Amino acid sequence: MFTLKEAYNLALEKTYDSIPKRSYSFNSSVSNLTKTIQSAEFKRAVQNKFGDFDKFQYETKLVIAQQKNIVAAFTSTPIAFANAWNMQVEELVASDVMSLAAAGGHFQFNQGIKGSKLYRTGFQHGLVKNQGGGLIIGFRHKTSGSYDEDNLSEMGVFTYATPEDASGMMEYRFHENFSELLGIPRLIILSQWFRYKTVLEDNNQWLYMTGIAKVVGTQDHPAKGIQLQLINREEAFRLLLAHEQLMTNNVNEKVRPPLPEHLRLGWSYEKIKANKKKRAALIKYAQERHHKCVGKLCGHVPFEKLEPSKIHIGHRISQHWNSQNSGVVDVHHPYNLYLSCDKCNISLQSKYPTELDNAINTVGTIGDWLMQGDLL
């Protein structure tokens, strides 16, 4: 588990490591001519786009804000987006739209020259970058687009061809590495467009469908396409909120990716209290790793020296403090739970224990242990 700054720096290192030592030549899908990119060009591209953390953080906030609004209003279900893609047609008719809409598809007409770049007729195919900076916000696709290697598998994994410039290629690699290190995948908005003849409305001859996907996997060469998994609106919004919080938190604070729902619900405070096996598993985990109580009253007693009945489940943000502050958090969430001895647990009943945060982060919360997979 890394801090935001640590994940950023490690992602940079891994991105630089993917640069080939020799120049890379390929046949351009656009010009049909051989194009060559030198190693030094790849390195400059990484430095220019990701060499300034503060700039990256600011631009990422802009991307998230833009994506949130689009996702909330326009996202189609994965099955509807996949059905439309797999039709492999350039034109839709009303009956097609009815069937796709019944599966959760969302459509809109083109937006002329002043709307979102994702929905502008005549705007270049391929990458769509955030208007407030240079980071990718989404991909556009038309069946007769420039890149034949764009494809969508039966499992909903979307492979999008690499750009033909060093900057775009290296941005793919950075987002993959950053997503993997954080445990919170980067999101990409997908839009596909079709001809749709609308009688007596000359300006509405194109129809757009929007999907949303998360980055999955990593590639080891700049020229390899990026892989994305189609997801639904709800998961997308949760991930965007996680990214938003991440970019506004202390950059030296540990990043905690969202827990899967079955872990969040199954290992909440009330569930652990009601399940002797889960409580015993937590105590065994702590004792086998020679963890100590993070509180000061007991002198940091090792858990292995305590009887199970003397080991308590503590709340980092206490239940009492939370009740007096408008219930600002889910206090029973596994990320808010940790083990302590009975003396120290009682002493923190009404506090927000900021003085223990560093110690808790070092040992790990119950949520941290779950995400490491050691408890299961």
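The values are calculated or read from the model by the stated rules, or taken from the named source; none is laboratory data. Note that the structure is a prediction, hence the values are computed from the model and not measured. With ideal geometry, Cβ positions are generated from the backbone for all residues, glycine too; neighbour counts draw on all protein chains shown.
Observations on the model:
- Positions within region 337-376 being within 20 Å of residue 2 (Cβ to Cβ), modelled with pLDDT of 85 or more, in a helix (DSSP H, G or I) and of a type outside the set (Val, Ile, Thr), in sequence order: 367, 368, 369, 370, 371
- Scope region 1-39; condition touching a Lys or Arg at 6+ places or on another chain (Cβ under 8 Å), under 14 Å from residue 173 (Cα atoms) and in a loop (DSSP other than H, G, I, E, B); matching residues: 18, 19
- Top-ranked residue in region 27-42 [being at pLDDT below 90 and under 12 Å from residue 223 (Cα atoms); ranked as surrounded by the most Cβ atoms within 10 Å (Cβ to Cβ)]: 28
- Of residues in region 77-91 being buried (at least 18 other Cβ atoms within 10 Å of the Cβ) and touching a strand residue (DSSP E or B) at 6+ places or on another chain (Cβ under 7 Å), the one nearest to residue 196 (Cα to Cα): 84
- Residue check, residue 227 touching a Gly at 6+ places or on another chain (Cβ under 6 Å) and modelled with pLDDT of 90 or more: yes
- The selection criterion, being over 30 Å from residue 155 (Cβ atoms), β-branched (Val, Ile, Thr) and out of contact with any Lys or Arg (no Cβ under 7 Å at 6 or more places or on another chain), holds for residue 311.
- Filtering 72, 11, 84 for residues that are within 30 Å of residue 362 (Cα to Cα) and touching a residue at least 60 places away in the same chain (Cβ under 8 Å) leaves a single hit, 11.
- Looking across region 38-80, the residues that are more than 15 Å from residue 138 (Cα to Cα), among the aromatic types (Phe, Trp, Tyr) and over 16 Å from the mean Cα position of the chain (by Cα) come down to 42, 50, 53, 58.
- Residue pairs whose Cβ atoms lie under 9 Å apart, sitting 6 or more positions apart in sequence or on different chains, and linking a residue in region 238-255 that is at positive phi to a partner that is of a type in the set (D, E, K, R) and at pLDDT below 80, do not occur here.
- Residues in region 57-75 that are assigned to a helix (DSSP H, G or I) and in contact with a strand residue (DSSP E or B) (Cβ under 7 Å, 6 or more places away or on another chain): 63, 66, 67, 70, 71, 74.
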